[in-house]
1. Could you work out what % of the accessible surface of the chain is carbon and sulfur, using a 1.4 angstrom probe and leaving DNA, RNA and ligands out of the count?
2. Which Cα, out of 3, 271, 362, lies furthest along the positive dipole direction of the chain (beta carbon charges, K/R +1, D/E -1)?
3. Dipole size in debye (nearest 20) for the stretch 128-299 around its Cα centre, Lys and Arg Cβ +1, Asp and Glu Cβ -1?
4. Please give every one of the aspartates and glutamates within straight-line cross-link reach of residue 81, meaning a C-alpha to C-alpha distance under 12 Å, and leave out same-chain neighbours fewer than 8 residues apart.
5. Sorted by packing (mean other beta-carbon atoms within 10 Å per residue), highest first, where do 108-114, 90-96 land?
6. Tell me, how many Å apart are the Cα centres for the stretch 203-265 and for the stretch 93-138?
7. With a 1.4 Å probe and all protein chains left in place, how much accessible area per residue does the stretch 110-232 have, in Å²?
8. Counting helices only, and only those DSSP H runs with n ≥ 4, report the 222 nm mean residue ellipticity of the chain as the sum of -39,500 (n - 2.57) divided by its residues, in deg cm²/dmol to the nearest 500.
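The values are calculated or read from the model by the stated rules, or taken from the named source; none is laboratory data. Predicted model only: the values in this text are computed from it and were never measured. Ideal geometry is used to build each Cβ from the backbone, glycine not excepted, and the neighbour counts take in all protein chains shown. Calculation scope for accessible area: heavy atoms of the full protein, side chains included, ligands and nucleic acids excluded. Shrake-Rupley method; radii C 1.70, N 1.55, O 1.52, S 1.80 Å.
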Amino acid sequence: MELKSISVKNFRNIKDAEVIGFKKANLVAGGNAQGKTNFLESIYYLSTLSSSRMKTLNDLISIGETYFSLRCKVEKDGLSKTLDAFYGLEKETNVRVNENPVSKKSEFIGELKTVKFSPEDIDLIKRSPVERRRNINLLLSQISRPYLSDLSRYHQVLAQKNKLLFQVSERGADKKMLSVWNAQLVETGVRIVKARLEAIDSLKTGLKELQLKISGGKEIIELSYKCSFDINGDLVKNFEKKLEEVQEKEIIRKASLIGPHRDDLVFILNGKDAKYFSSEGQQRSIIINLKLTEYMLMKEKTGEEPVVLIDDIFFDLDESRRSAILSVFNGMAQVFLAGTEDKNFEKYFSEYSLIKIEEGKVTINGQKS
Ligand SMILES: Nc1ncnc2c1ncn2[C@@H]1O[C@H](COP(=O)(O)OP(=O)(O)O)[C@@H](O)[C@H]1O
Ligand SMILES: [Mg+2]
């Protein structure tokens, strides 16, 4: 799949840009704090309707404005689609595919598939479980619509259950109703866990191979899923049993303690938890390899080539690592690389578009947008 053009209005420091003429390789160049990351983030938002650099979506609106809107044209298998995303302080998110409003996020996410390599993700191993769940959710949401529907439903039910836990605990409400919510949590939750387990199974093989290769056979990385209930045997029964066991505790704590919203991913390097027993360089290398593996998984599962967004980190890597990364995309994927302009760029790509960003103003191949 290829991104053909993008229009950006009031998104962070990019007030107004219309950029047409992307190629397979695109260099997003500019000095510090000019808007390179913001530009990649606008593409990522059109892909996932989220961003990892904000507390609320309001942060994405240019300061002093009341909305942002993004529009892009994506081409796959010779067919082109237009995607629109609007977000305003007064109006909710409003998204359209080929001008048709879609009511569910799951009908929008996945239209533009992306894999992102960025400095925020580099310490994913050390960050809180929330971030690692978010990472796997964003991956699976792009691969599978049912996954995203299940996830939305799961979180709706969870909110209802938490409300009831509060009422039971504070006001002596009847706790029998909890089983109604639990039944629904089990139904969607088990599907979520199964999808994650299946994805992790593929990711771990790819990740292990890449890590062995890049470390000259020295680093064995294992990836595993830490589930809040037993994943051996019947998942439905195990989830139900665990929910029963913790019910009183949940009431006291007024919180749902079991389920995929509490699960985590664990990275084991040479037999030890990588969170505590690996260097920063090793963690960085593991995450880059994880992202490469995610790219391969997305491609394998959907038959589509995701657009690759690489923010900054690329130019800090050594030569062999850069070539190794690019060889995974093999000239097939469309790549956006952000960084200060690099003289070596011609070495990697014979043909590319040069997108320059200065104080939020965007030009492509010397033309003003
Ligand atoms: N909501 C916003 N409105 C206006 N400017 C913003 C907003 N969010 C971030 N910025 C500005 O964008 C600039 C950083 O852009 P960024 O894309 O991160 O730079 P870089 O080119 O270094 O990647 C900063 O000057 C920051 O103040
Ligand atoms: Mg940046």
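1. Working: 8540 of 17520 Å².
Of all accessible area on the chain, carbon and sulfur atoms account for 49 percent.
2. Working it through, the farthest residue towards the positive pole turns out to be 271.
3. Numbers: 30 positive and 22 negative charges, 69 e Å.
Once rounded to the nearest 20, the dipole reads 340 debye.
4. 2, 99, 111
5. Working: 108-114: 22.1, 90-96: 12.6.
Result, highest mean Cβ count within 10 Å first: 108-114, 90-96.
6. Comparing the Cα centres of the stretch 203-265 and the stretch 93-138, I get a distance of 21 Å.
7. 46
8. Working: 8 runs with 149 residues, N = 369.
Computed ellipticity for the chain at 222 nm equals -13500 deg cm²/dmol.
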